[in-house]
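Worksheet: one structure, shown below.
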Amino acid sequence: MSVCNTSEVETSTFFLIGIPGMEHAHIWVSLPICLRYLLAILGNCTILFFIKTETSLHEPMYYFLSMLAFSDLGLSISSLPTMLRIFLFNATGISPDACFAQEFFTHGFSAMESSVLFSVSIDRLIAIYSPLRYTSILTSARVIKIGLVSAIKSILLVFPVPFILQRLKFCKKNLLSHSYCLYQDVMKLACSDNRVKVICGLFVALISVLYLVCISVSYVRILKIVLGTASHKGCLKVLNTCISHICAVLIFYAPIVTLAIIHRFAKNVSPVVRVIIADTFLLVPPLMNPFMYSVKS
């Protein structure tokens, strides 16, 4: 374990990267990224507007959808300025405090989205398992309370992370390997107390894994109910109510799981692949969720 010497000066600035080997084309890369962000913000704001103004949409499923749109907006806004600075102006420097703050919001809204996706899986389970009691179980007041608990829980889960990172020392190395501050990336630069890095890493990974396991258990139960349905038409009808949510779970968790595996087991993977997967995590879900749920609805 490497330790900072007293003669070493701690890093005062981190440097992010765009897409390695494509620095000359960053201005062109910024155009589709900017367009995707605009569409994501417009789509999620549109969903929030219609759910708020249209009284017929004041139902549990649409309340959960508004929570998902809100977390998608948070993910987009927390990463948009940094990425555009890199691709438009080649401004790659970011202070450690700003980097830790970005990590807090990115992981906070990610945890919130995971919590909402889990809540939607429970919503679908109740709707399929006990359709006659659905409205009495998931009342509007109860759904709002679930949303508030999810938001508070997500904040509390990631609240210690920036303070733990501030206690670490970052010596000599200051080059991050993504277009925004990612927890695993920043922790690799720390040159102090390896135990803190391991514990904090396990804690952050546990948040995503726990929600994914809970969602999987919910759908195992749903699948058992579907397989027990006598008619083929009934099976298709039941699955049709879940298709948008299944797609949302896949496009949200696929980049997270892939990136975690690469950081842990495939350290020799091309930096370009890592950057693209990490950017996909922030670019694709906020863009696709409004389209999937809007078309389905």
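The values are calculated or read from the model by the stated rules, or taken from the named source; none is laboratory data. Since this is a predicted model, take the numbers as computed values, not measurements. Here the Cβ is made from the backbone with ideal geometry for all residues, glycine too, and neighbour counts use every protein chain on show. Side chains are part of the model used for accessible areas, which takes the heavy atoms of the whole protein and leaves out ligands, DNA and RNA. Shrake-Rupley method; radii C 1.70, N 1.55, O 1.52, S 1.80 Å.
Filter region 143-162 down to residues that are over 30 Å from Phe100 (Cβ atoms), open to solvent by 40 Å² or more (accessible area, probe 1.4 Å) and either in contact (Cβ under 8 Å) with a residue 12 or more places away in the chain or in contact with a His (Cβ under 7 Å, 6 or more places away or on another chain) (or both), then give me how many there are.
Taking region 143-162 first, the residues over 30 Å from Phe100 (Cβ atoms) are 143-145.
Filter once more, so that each one left must be open to solvent by 40 Å² or more (accessible area, probe 1.4 Å): 144-145.
Going one step further and asking which of them are either in contact (Cβ under 8 Å) with a residue 12 or more places away in the chain or in contact with a His (Cβ under 7 Å, 6 or more places away or on another chain) (or both), we end up with 144.
Of the residues in that region, 1 qualify.
Kindly establish whether Ser78 is in a helix (DSSP H, G or I), without any contact (Cβ under 8 Å) to a residue 40 or more places away in the chain, at negative phi and buried (at least 21 other Cβ atoms within 10 Å of the Cβ).
Yes; evaluated as a whole, the condition is true for this residue.
For residues that are modelled with pLDDT under 85 and closer than 28 Å to Ile19 by Cα, tally how many sit in region 112-128.
Summing the residues that are modelled with pLDDT under 85 and closer than 28 Å to Ile19 by Cα in region 112-128 gives 0.
Residue pairs, Cβ under 7 Å, 6 or more apart or interchain, first in region 124-137 and without any contact (Cβ under 8 Å) to a residue 24 or more places away in the chain and open to solvent by 40 Å² or more (accessible area, probe 1.4 Å), second of a type in the set (Ser, Thr, Tyr) and part of a helix (DSSP H, G or I). List them.
none
Which residue is least open to solvent (accessible area, probe 1.4 Å), if the candidates are limited to region 261-275 and must be modelled with pLDDT of 75 or more and not aliphatic (A, V, I, L, M)?
Looking only at region 261-275, we keep the residues that are modelled with pLDDT of 75 or more, and these are 261-262, 268-275.
Still in the list and also not aliphatic (A, V, I, L, M): 268, 270-271, 274.
On the way: Asn268: 157, Ser270: 54, Pro271: 74, Arg274: 25 Å².
My answer is Arg274.
The rows are residues; the columns are (1) in contact (Cβ under 8 Å) with a residue 40 or more places away in the chain; (2) surrounded by 13 or more Cβ atoms within 10 Å (Cβ to Cβ).
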position	(1), (2)
Tyr37	yes, yes
Leu48	no, yes
Ser56	no, no
Phe64	yes, yes
Ser71	yes, yes
Ile86	yes, yes
Gln102	yes, yes
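Can you find a residue that is aliphatic (A, V, I, L, M), within 17 Å of Ser78 (Cβ to Cβ) and at pLDDT 85 or above anywhere in region 14-24?
Looking only at region 14-24, we keep the residues that are aliphatic (A, V, I, L, M), and these are 16-17, 19, 22.
Subsequent filtering for residues that are within 17 Å of Ser78 (Cβ to Cβ) retains 16.
With the extra rule that they be at pLDDT 85 or above, the set shrinks to 16.
Yes: one or more hits.
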